[in-house]
1. Restricting attention to segment 110-136, which residues are of a type in the set (S, T, N, Q) and surrounded by 10 or more Cβ atoms within 10 Å (Cβ to Cβ)?
2. More than 30 Å from Arg48 (Cβ to Cβ), in contact (Cβ under 8 Å) with a residue 40 or more places away in the chain and open to solvent by 80 Å² or more (accessible area, probe 1.4 Å): is that true of Trp139 in this structure?
3. Can you tell me which residue within segment 56-69, out of those that are open to solvent by less than 50 Å² (accessible area, probe 1.4 Å) and part of a loop (DSSP other than H, G, I, E, B), is farthest from Arg84 (Cα to Cα)?
4. Can you tell me which residues in segment 70-81 are in a loop (DSSP other than H, G, I, E, B), modelled with pLDDT of 90 or more and of a type outside the set (Gly, Ala, Ser)?
5. Starting from residues that are among the small types (Gly, Ala, Ser) and over 12 Å from Glu184 (Cα atoms), keep the ones in segment 142-171 and report whichever is surrounded by the fewest Cβ atoms within 10 Å (Cβ to Cβ).
6. Among the residues of segment 100-133, write down those that are basic (Lys, Arg) and under 18 Å from Ser157 (Cβ atoms).
7. Which of the following residues is farther than 23 Å from Ala161 by Cα and open to solvent by 80 Å² or more (accessible area, probe 1.4 Å): Tyr53, Tyr13, Tyr107?
8. On the given criteria, is Ser92 closer than 30 Å to Gly59 by Cα, in contact with a Cys (Cβ under 9 Å, 6 or more places away or on another chain), at pLDDT below 95 and not aliphatic (A, V, I, L, M)?
Amino acid sequence: MGVKTWIESWPVYRQVTGPDPLGRGRAAQSPKHAHMQPRTATADRMARSVCPYCAVGCGQRIFVKNDEIIQIEGDPDSPISRGRLCPKGSASKNLVTSPLRQTKVRYRRPYGTEWEDLDLDTAMEMIADRVIETRRATWQDKDDEGRYLRRTNGIASLGGATLDNEENYLIKKLFTALGAIQVENQARI
């Protein structure tokens, strides 16, 4: 490549001598980049979602091709974030597509040294059994003076910031029905 050809291929030269003085169009494109297209151009469909990281609730667009997520971007139609995402939200594609992501229920028995995989039904039954047993073992029906308490201090709930009002309402109802009095949400702490 000659010096003249090299200088003419330089984006600043094209910007100064061409019709694109601000360098926002063709002057800034190299031949390699002129034929590139966005990752989202090949998507089969797009779904709207909310970022899972904090309580702000930034909108996300999830692009899917062949039933696999190919890109997650901020949603410009979101009145909350207007298409912007923080560094965590921008990296949320890795949250769902990482080969290190756990997709099975993992369990280590008491005093065990190895993890084992459980099916979801077995894990849910184990949790239900433990909740029932803990409630039974820690139930306080009355205090020393005979006043009704009808509570347990053996069960508590700490919700996450991405829960919406409806989910928090249902969680509060569930734990209140169980007799738990320690029901908190991480967004308030």
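The values are calculated or read from the model by the stated rules, or taken from the named source; none is laboratory data. Predicted model only: the values in this text are computed from it and were never measured. Cβ coordinates were reconstructed from backbone atoms using ideal geometry, including for glycine residues, and neighbour counts include every protein chain displayed. Please note that ligands, DNA and RNA were not included when accessible areas were found on the heavy atoms of the full protein model with its side chains. Shrake-Rupley method; radii C 1.70, N 1.55, O 1.52, S 1.80 Å.
1. Those that are of a type in the set (S, T, N, Q) and surrounded by 10 or more Cβ atoms within 10 Å (Cβ to Cβ): Thr122, Thr134.
2. Yes.
3. The extreme case among them is Gly57.
4. Asp75, Pro76, Asp77, Pro79
5. The extreme case among them is Gly146.
6. Once the filter is applied, which keeps residues that are basic (Lys, Arg) and under 18 Å from Ser157 (Cβ atoms), segment 100-133 yields only Arg130.
7. Just a single option satisfies the conditions, and that option is Tyr13.
8. Answer is yes for this residue.
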